[in-house]
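The block underneath contains the structure these notes are about, expressed in structure tokens.
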Amino acid sequence: MESLSLSHHFLIAMPGMGDPLFAKSLVYLCEHGEHGAMGLIINKPSGIAMAQLFDQIDLPLDDEDTRTGLVYFGGPVQPDRGFVLHQPADNWQSSLMVTDDIALTTSKDVLVAVSEGKKPQKLLISLGYAGWSAGQLEKEIADNGWLTVPAEPSIVFDLPYEERYDAAMALLGFDPSLLSSDVGHA
């Protein structure tokens, strides 16, 4: 039996999430399978602007809109490494296809393209990612740590980061403040 894959889903931290790293976080899951899961927190700016990131990797960045763009804290794994979530997927050296249209790229060629003004139509750059070992995410979901809902790309790419968590919650179609974080106590 094929296990349920939550790729291209949002993980929405439950209001009672104890881990301060993930409290009020919205994760876009890029990969999920029997070996575990990986995704990017998409609503926590790292405090670094794109201009700083591109300075660090010695790439020019002239486009003012891009220079002031935010780099996100994608998660605690490999926080010194850049991850570029983008649409359309296009063709880069090292990309994970999330959907036919969205990819996660870790190779520098996508950043070179951004610096040359040939960036993908939509992109989100993060430092680090969130990862779960095999079965770990399923357990956290069963323990009421996360809500899941199919992802809506416009929330990832078009909304200001402050609005993304609530917008993803709204996809669920109910008021999450009514949820109890207590498991199995009616």
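Laid out as a table, the results:
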{"read-out": "Separation of alpha-carbon centers, segment 10-73 and segment 153-169, rounded to whole Å", "value": "13 Å"}
{"read-out": "Nearest 10 degrees, 0 to 90: helix 161-172 Cα axis against the chain principal axis", "value": "40 degrees"}
{"read-out": "Sulfur and carbon atoms: percent of accessible area, the chain [1.4 Å]", "value": "52 percent"}
{"read-out": "Percentage relative contact order, the chain, counting C-alpha pairs under 8 Å, at least six apart", "value": "26 percent"}
{"read-out": "Sequence-distant residues sharing a close amide H with Val98 (under 5 Å, placed H)", "value": "Ala103, Leu104"}
{"read-out": "Rounded Å value of the spacing that divides the Cα centres of segment 75-118 and segment 122-138", "value": "14 Å"}
{"read-out": "Within segment 152-171: backbone nitrogen closer than 12 Å to the Lys122 label point (7 Å, Cα to C-beta)", "value": "152-160"}
{"read-out": "Candidates Thr148, Thr106, Thr68, ranked by Gaussian network fluctuation over the chain, Cα under 10 Å, top entry", "value": "Thr68"}
{"read-out": "Debye log10 I(q)/I(0) at q = 0.18, 0.26, 0.27 Å⁻¹ for segment 45-108, Cα point scatterers", "value": "-0.75, -1.23, -1.24"}
{"read-out": "Theoretical gain in end-to-end length, Leu59 to Leu4 [0.36 nm per residue, Cα-Cα removed]", "value": "15.8 nm"}
{"read-out": "Fraction of alpha-carbon pairs over 19 Å apart in the chain - percent", "value": "58 percent"}
{"read-out": "Length-normalised contact order for segment 21-117 - Cα pairs under 8 Å, 6+ apart - percent", "value": "22 percent"}
{"read-out": "Residue with peak Gaussian network fluctuation, the chain [Cα springs, cutoff 10 Å], from Leu171, Leu147, Leu26", "value": "Leu171"}
{"read-out": "Average accessible area per residue (Å²) across the chain - probe 1.4 Å, nucleic acids and ligands excluded", "value": "51 Å²"}
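The values are calculated or read from the model by the stated rules, or taken from the named source; none is laboratory data. None of the values given here were measured: they were computed from a predicted structure. Every residue, glycine as well, gets a Cβ built from its backbone with ideal geometry; the counts of neighbours run over all protein chains shown. These area figures cover heavy atoms from the full protein model, side chains too; ligands, DNA and RNA do not enter into them. Shrake-Rupley method; radii C 1.70, N 1.55, O 1.52, S 1.80 Å.
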